[in-house]
Each structure stands twice: as structure tokens, then as C-alpha cells.
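The values are calculated or read from the model by the stated rules, or taken from the named source; none is laboratory data. As the structure is a prediction and not an experimental result, all values here were calculated from the model. Glycine also receives a Cβ, built like all others from the backbone with ideal geometry; neighbour counts cover every protein chain displayed.
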Amino acid sequence: MNKRIYHGSSRIVRSPAFGSGRPYNDFGLGFYCSEYPQYAAEWAAGPGRNGFVSEYSIDIDGLRIINLCSSQFTPLHWLGLLFSYRTFDLSSDTAYRAQEYLNKYFPVDQQSCDCIIGYRADNRCFMFAQDFLDSKLSYQSFRNALTSYDSNRQFVLKSNRAFDRVSFMGYTSAISDEVFPRGRSRELAAIKKTKPSAGANDIFISTMIAEEVRPYDSRLR
């Protein structure tokens, strides 16, 4: 099965190279793409800076793909993996204990995977994740903030095998004046919409740590 994916950046990438890039991206070293060209365009362009969206076809038959957005996983698996590469403020006792808790109960074995599908830790999602770790945001609000928008889902090539399956299909321009305001507007709307929740069934990370809530707990679904 062939799948179309899109990479947004300041340049056209005709031949993605295994092993290049920054090791401290969300899921480590890899080639970060979107399944949606309009969102890749938003990633490519910044304020006053145009970019390009490179389009690819990838044959995913037989590839081992970890989909952190699927029902097999929870946002806590995503957050636990993020801890391996991104730096959080662990100055609060709750956030420090949360890291240990997530490492113990929500590990993700990505060593032999070819691709990862997962949420993009942009400014909005990273802010929500930090508030959740500090027990300022409930798990339910944190989950909704991550899962409500397709724009923050990314498709990441992780293995040499995956890179061998990619074919460059062309590119389009991402014009800052067109795509940056659109993405920024959606981000601000999402921040405004996501507020600390105090519903009767809401749980916070402090409670989850105390009760040693596991992945199969019904409150996580």
C-alpha cells in the first residue's frame, strides 16, 4: 500500500537521508512529515519566512509502524516517549515523580520500528503537557487537547528500511502570508478552548501516581 506524506521546511528535500536531522526532536532522529499537505505548509512557513512542502509516496506494506494515536496507546505513552528526547521543567515534585511513573508504566519500545505516528509537540501541545505534569491540567483536558486536531499528527520515518521505500513526488511553495496566520489562529483558539477541568470524573497526574494507574485503566480511554 502506498501512502502520501508531506515534509515542510525551508528547502526542497528530494532525497531524505537516513541518520540526518536533529536527535532531540519529539521522537528522536528521523524524518518528520505530515499526512496532510496543508499542515506541512504551516510547519514550513514562519512569520515573514516562506518555505516548501515536499511530497512523497511511501510503500508501507510490511513496515513496523507504531501509531501512538491509536487505541492501543494513550497520551501517556506519547508523553513518556517525549521525555526521552525533549526537556521539561521538572522543578516541581509532581513533575519529577511523573517522569519516573511514566517511564515505569508507559514505556514505548521503538527500537525496531520503521515509522512512528504521533502527536507533534508544538508550542501548544508542549505547554499543555507541562501543565499536565505540574497537575494544573487534568488528564481528560490534556487528552482532548492532543486528540482534537489532526494538525498536530506527524508521520516519522525512523529506519533505513523506511527511507528505502520513499519516492519524491514533487513540491509546492508555502507562502508565509497565507499559511502562517491560519496555523497561528488555530493554535490560539485551541489554547483558549483548553482550560483546567474540574469534572467529577477528571483525574490529575498526582492522583495517577498515588494510585499507580496502569495503561488498561478505563479512565484513560
Could you say which residue among Phe27, Phe52, Phe31 is under 30 Å from Arg219 (Cβ atoms) and of a type in the set (A, V, I, L, M, F, W, C)? Phe27
Residue hits (segment 148-163; in a helix (DSSP H, G or I) and within 14 Å of Ala121 (Cβ to Cβ)) are Ser151, Asn152
Considering Ser151, Ser185, which residue is at pLDDT below 95, within 30 Å of Leu133 (Cα to Cα) and touching a strand residue (DSSP E or B) at 6+ places or on another chain (Cβ under 9 Å)? Ser151
The conditions are (1) small (Gly, Ala, Ser); (2) out of contact with any Leu (no Cβ under 6 Å at 6 or more places or on another chain); (3) touching a residue at least 60 places away in the same chain (Cβ under 8 Å); (4) not in a loop (DSSP other than H, G, I, E, B), and Ser135 fails exactly one of them. Which is it? (4)
Taking the condition out of contact with any Cys (no Cβ under 7 Å at 6 or more places or on another chain), under 29 Å from Gly30 (Cβ atoms), assigned to a helix (DSSP H, G or I) and not aliphatic (A, V, I, L, M), does Gly170 pass? no
Is it fair to say Val156 is more than 19 Å from His77 (Cβ to Cβ), crowded, with 17+ Cβ neighbours inside 10 Å, in contact (Cβ under 8 Å) with a residue 60 or more places away in the chain and β-branched (Val, Ile, Thr)? no
Are there any strands (runs of 3 or more DSSP E) wholly within segment 29-119 with 3 or more residues that are over 20 Å from Leu146 (Cα atoms) and modelled with pLDDT of 95 or more, and if so which? 51-59
Looking at the structure I just gave you, is Ala17 in contact (Cβ under 8 Å) with a residue 40 or more places away in the chain and surrounded by 19 or more Cβ atoms within 10 Å (Cβ to Cβ)? no
